Amino acid sequence: MAQDYKADDEVLGKAYDSKLMKRLLGYVKPYKKYMAFAIVLNIIVAAFGPLRAVLTKVAIDDNIKGKDYHGLLMVTLAMIGTLVFQAVMQYYLTYYTQLMGQRIIYDLRVKLFAHIEKLALKYFDKTPIGRIVTRVTNDIESLNEMFSSGIVNVFSDIFIVIWILGFMFFMDWKLSLVTLSVFPFLIYGTFLFRKKVRDSYRDVRFHLARLNSYMQEHVTGMGVVQIFNKENEELKRFSSINADYRKVNIDSIFYYAVFYPAVEFLSSIALALIIWYGGGEIIHNTMTIGVLFAFIQLIDQFFRPIRDLSDKYNIMQTAMASSERVFKLLDNNTFVKNPEVPVELKKVEGKIEFRNVWFAYNGDDYVLKDISFNITPGQTVAIVGATGAGKTSLINILTRFYDINKGKICLDGIDIKDMDKRELRKFISIVLQDVFLFSGTIKSNISLNSPEITDEKIIEAAKSVGAHKFISQLPKEYDEEVKEKGATLSVGQKQLLSFARALAYNPQILILDEATSSVDTETEILIQRAIEKLLVDRTAIVIAHRLSTIQNADQIIVMHKGEVREIGKHQELLAKRGIYYKLYQLQYKDQEVTRTA
Ligand code: UTP
Ligand code: MG
């Protein structure tokens, strides 16, 4: 798993990729005014630091030497003026670039979420949740960093360096060349550092991902860890993963600890060269003292952007890698396709027909083979079979969570592939084996925030499935908060809630994947009654584990290893003494014994 993470999440490529950048800039388009404003402002603001150095030269060489008090005051005021102006501009610059960054990532996040919602379940089977969450959160966040500080600051740094070089050569080209003699060392050092940091940064990310996934898995499985008394062993493994993480972090700190002093050292050398060479020129009267002063200031300003460049490099590199992953997800088109011109459905009778249906989750590894059966409107059909026989798969393809490989599934005589999948799903409600509850209230979990489902309808549905009793005993009744996954409710209560949800939607076709988990007898009776209520007046397909449901069914479909082996009523199938008879002997007969006992 950790290896897997490295493959996809931790590959760092270039800090600049023109193809990716072009696509990213597409998202800047709506805000290009902000971008243009920021860049122009940056070019202007970048000049102010070096300009002050030149003003120092003027003050020393012209005003102080010429004993011009008025001129000196003017130059000083001009210096203060540039400072104030620069501060004000800096405010606008920060505000607007951040604003732009936030708006861009808002757009991108919405787009990404909308895309994820459209993906077929197949995609989610194969992708760990953590990875999808990382795309929408961390990856987008690192793009924000690039948009709001990266791109714009790279511009400003480049312009600061250009302005400084311009002013230097304008004042004294020879001294400029002497100053720049340290430049090759600086470039080489930065290059080395960049390479080292890149490698160590990749290691840091890799070990962080390992730490995260270990944490996530163990918090989720805490019950198992505690019941088997595995706390100490798990702690040991965690410590070792954590120690690896610490090591790579310390390595990366080492490179920074070397790089910053090295830049400091080179800047001091440059300063020494300026004083040595410039001082000599002053002694020989070929240079003024003001120029020396100006150069000393400029050299200080010159090294800051260079030092920061390595940080910017990291920002850009992370952003490029993130954008690549985000785009990969955006380009993923594992969709369940909709027809170009869908057949319109006003009303549905509920006639279902499977005609020689073949289906595989992967390649031609068929889990459903040549399935054919008919369900007439209003019928209740029970599907039975051993675990892994293909029961859940059968309903997965009826709702078009997955598309079939061969054959045809018709609803009221129309191929479901010719319908809009959203329309199709409007007529079908599903109650799954494991109930899924969202964080919210009891009410919102029944209505799923549909405006058509009023409070009255919610209460009516709850009453009808027998959930009202336990709900009205909750402190806040229907407004009682439901925690993520419904942790505060019992298994039976969650079942009843999911029945109420299905009933509130009042579907023509109901699909019920009965839970196998056993509940107490009282709840069992409640659930049985609820199911009976659910099944009236609609076509129903029940993956049945309860003998009562099976006995009452109009038709029982017996699945075995992906095939339909027997179809008929309870007594007929028993008389056949085939697969159903065996299943009955093994699984269902006991239920009769316990119930009558
Ligand atoms: P089903 O999930 O349809 O079995 O899987 P079932 O009859 O409902 O079983 P129970 O009673 O709930 O336990 C049928 C086959 O499809 C494979 C499974 O491995 C099984 O062999 N399968 C299921 C996949 O390959 N991918 C999936 O996403 C789900
Ligand atoms: Mg199943």
Rounded to the nearest 20 debye, dipole of segment 124-248 from Cβ charges on Lys, Arg, Asp, Glu: 380 debye
What is the magnitude of the charge dipole of segment 293-393 about its Cα centre, with +1 placed on the Cβ of each Lys and Arg, -1 on the Cβ of each Asp and Glu, and no other charges, expressed in debye to the nearest 20? 220 debye
Listed residues Val136, Val84 arranged by accessible area, highest first, probe 1.4 Å: Val84, Val136
In whole Hz and in residue order, list the ³J(HN,Hα) couplings for segment 253-268 that follow from phi through the Karplus curve 6.51 cos²θ - 1.76 cosθ + 1.60, θ = phi - 60°; x for Gly and Pro. 5, 4, 5, 5, 5, 7, 5, 4, x, 5, 5, 4, 4, 5, 5, 5
Put +1 on the Cβ of every Lys and Arg and -1 on every Asp and Glu Cβ in segment 462-551; which of Leu489, Thr523, Gln508 then has its Cα farthest towards the positive end of the dipole? Gln508
Å³ per residue enclosed by the Cα convex hull of the chain: 218 Å³
Just going by the charge dipole of segment 37-189, with Lys and Arg at +1 and Asp and Glu at -1 on Cβ, which of Phe170, Tyr123, Tyr106 is farthest out on the positive end? Tyr123
Sequence gap at least 6, Cα distance under 8 Å: using those rules, report the relative contact order of the chain to the nearest whole percent. 15 percent
Each label sits 7 Å from Cα toward the beta-carbon; between Ala257 and Asp418 the label points are separated, in nm, by 7.4 nm
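Charges at C-beta only: +1 for Lys and Arg, -1 for Asp and Glu. How large is the resulting dipole of segment 218-343 about its Cα centre, in Debye rounded to 20?
That gives a dipole near 280 debye.
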For the full complex of protein chains and a 1.4 angstrom probe, list Lys463, Lys391, Lys111 by accessible area with the highest value first. Lys463, Lys111, Lys391
Once all protein chains are kept in place, Ser393 shows an accessible area at probe 1.4 Å, nearest 10 Å², of 10 Å²
Roughly what % antiparallel, to the nearest 5, for the DSSP beta bridges in segment 477-572? 50 percent
Once fully extended, how much extra length lies between Leu586 and Tyr91, figured as 0.36 nm per residue of separation less the alpha-carbon to alpha-carbon distance? 170.5 nm
Which FRET efficiency value, to the nearest 0.05, do you get for Ser450 and Asp554 by plugging their Cβ-Cβ distance into 1/(1 + (r/R0)^6) with R0 = 35 Å? 0.70
Report the full-extension gain for the segment Phe170 to Arg307: residue separation times 0.36 nm, less the Cα-Cα distance, to one decimal in nm. 46.9 nm
Using only the alpha-carbon atoms, how far is helix 69-118 inclined from the longest principal axis of the chain? Give it as 0 to 90 degrees, nearest 10. 20 degrees
Toward the positive end of the charge dipole of segment 73-199, about the Cα centre and with charges on Cβ (Lys, Arg +1; Asp, Glu -1), which of Ser156, Gln86, Gly189 goes farthest? Gly189
With a 1.4 Å probe and all protein chains in place, put Asp412, Asp434, Asp199, Asp125 in order of accessible area, largest first. Asp434, Asp125, Asp199, Asp412
Can you give the FRET efficiency to the nearest 0.05 for Asn362 and Met79, using r as the Cβ-Cβ distance and R₀ = 56 Å? 0.20
Might you work out the accessible area of Glu480 for me, using a 1.4 Å probe with all protein chains in place, and round it to the nearest 10 Å²? 50 Å²
Which angle from 0 to 90°, rounded to the nearest 10, does the C-alpha axis of helix 32-58 make with the longest principal axis of the chain? 20 degrees
If the chain between Phe185 and Ile132 were fully stretched, how many nm would it gain, using 0.36 nm times the residue separation less the Cα-Cα distance? 14.7 nm
Set the Förster radius R0 to 41 Å, insert the Cβ-Cβ distance between Asp537 and Glu117 as r into 1/(1 + (r/R0)^6), and round the FRET efficiency to 0.05. 0.80
Given backbone amide H placed at 1.01 Å from N, residues whose amide H is under 5 Å from that of Val336, ignoring those fewer than 5 places away on the same chain, are Ala120
Residue by residue through segment 312-321, which ³J(HN,Hα) values in whole Hz follow from phi under the Karplus form 6.51 cos²θ - 1.76 cosθ + 1.60 (θ = phi - 60°), with glycine and proline marked x? 4, 4, 4, 4, 5, 5, 4, 5, 5, 5
For Arg198, tell me the accessible area in Å² from a 1.4 Å probe, rounded to the nearest 10. 70 Å²
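The values are calculated or read from the model by the stated rules, or taken from the named source; none is laboratory data. As the structure is a computational prediction, the values presented were derived from the model and not from experiment. Every residue, glycine as well, gets a Cβ built from its backbone with ideal geometry; the counts of neighbours run over all protein chains shown. All accessible areas refer to the heavy atoms of the entire protein, side chains included, with ligands and DNA or RNA removed. Shrake-Rupley method; radii C 1.70, N 1.55, O 1.52, S 1.80 Å.
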